[in-house]
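Questions regarding the structure given below will be posed in turn.
What follows is calculated from the coordinates using simple rules that are stated; it is not laboratory data. Since the model is a prediction, treat every value here as computed from it, not as a measurement. No Cβ is skipped: glycine too gets one built from the backbone with ideal geometry, and neighbour counts run over all protein chains shown.
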Amino acid sequence: MRSGSRITVALLLATALAAPAIAELRGIRVVGTAPIPAGDSPAGEAGGGAPRERALEKAIWDAVTRVALELSPDLAPGGAPIELDEVLGDDPSRYVARFRIVEDRGARPALFAEDPQIQSEYVVVAEVQVDADRLRSHLEETGRLAPPAGGPSPDRTRLVLEGVDHYPDYTAVRLALLQAGPVRSAVPISIERGRVVLELDTDRRPEDFLPAWQSAIPKGLRLIPMGRRQGVPVFRIESSAPGALAPVGPGGHAPIDTPGRNRY
């Protein structure tokens, strides 16, 4: 990432609000670090921004880079990544739909710094939802990724989610699916009140990885198999504890997230 790159809170919030509801989002959990030069305070140095903010910027950049390499492995010929900032530009926030800090580890002895004179660094663990559709389109436009050939993939299958009354519940269940199941993507192809049809890129039946999927769903939500209708598996989302999706961080405070008051 170029040294002049800055990801502002306003830009990220605008990107999150502008992201289409049916985008293919890939949840990535990544560690972000920022070196703290000798003599500087962990609270921030003049003109350089707070180390915490720079560590978050690094986490977001790494998450976007990881998805870009998954979409187009040719970006890393021979296993050595090229200058991805030339491909992605200075503002990776345009490929981010949502993010949050799940762990703020603060200033620690330097472990990732390349400069041996750096003695400490700021560390955060962030969860970033990358808009894979937008990133894929950019790679296609820049000639880094060939457009998909016509016709469905032989590894694609569909499933139906019912009881989708709250968008956060749906995103939590979909993210759990991507994290727990052998699913390369889960693209909504039909969205209506209370019902979403997902097309999965997987070589397994949803029933085969249902236990892992259910285990990955946040507390307060249940996923109930309803059998198959016209050969398509149907699952119902039930919420037993409204608001349970807002996890609590250290000290009883909610972690930083994109929407809402007093959050990024």
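Rounded to whole Hz and in sequence order, give me ³J(HN,Hα) for the range 158-169 from the Karplus expression 6.51 cos²θ - 1.76 cosθ + 1.60, θ = phi - 60°, writing x for Gly and Pro.
10, 9, 10, 10, 10, x, 8, 9, 9, 4, x, 5
I need the shape label for the range 156-239. Rule: rounded when a/c is under 1.5, else prolate if a/b > b/c, else oblate, with a, b, c from the alpha carbon gyration tensor.
rounded
Once you place label points 7 Å from the Cα toward the Cβ at Asp85 and Arg229, how far apart are they in nm?
Between Asp85 and Arg229, the simple spin-label model gives 5.1 nm.
In nm, give the distance between the simple-model label positions of Glu70 and Arg184, each being 7 Å from the Cα along the Cα-to-Cβ direction.
1.1
Using 7 Å Cα-to-Cβ label points, what is the Arg236/Gln117 separation (nm, one decimal)?
It is 6.6 nm.
Let me ask you something else. If packing is taken as the mean number of other Cβ atoms within 10 Å per residue, what is the order of 226-233, 100-107, highest first?
Sorting 226-233, 100-107 by mean packing, highest first, produces 100-107, 226-233.
What list of ³J(HN,Hα) couplings, whole Hz, do you get for the range 171-184 from phi and the Karplus terms 6.51, -1.76, 1.60, once you set θ to phi - 60° and write x for glycine and proline?
5, 5, 5, 5, 5, 4, 4, 5, 7, 9, x, x, 10, 7
Counting other beta carbons within 10 Å of each Cβ, put Ser190, Ser239 in order, fewest first. Display every interim value, and only then the final one.
Numbers: Ser190 12, Ser239 17.
Ascending number of Cβ neighbours within 10 Å: Ser190, Ser239.
So for Leu210, Leu161, fewest C-beta neighbours within 10 Å to most, what's the order?
So the ranking, lowest neighbour count to highest, is Leu210, Leu161.
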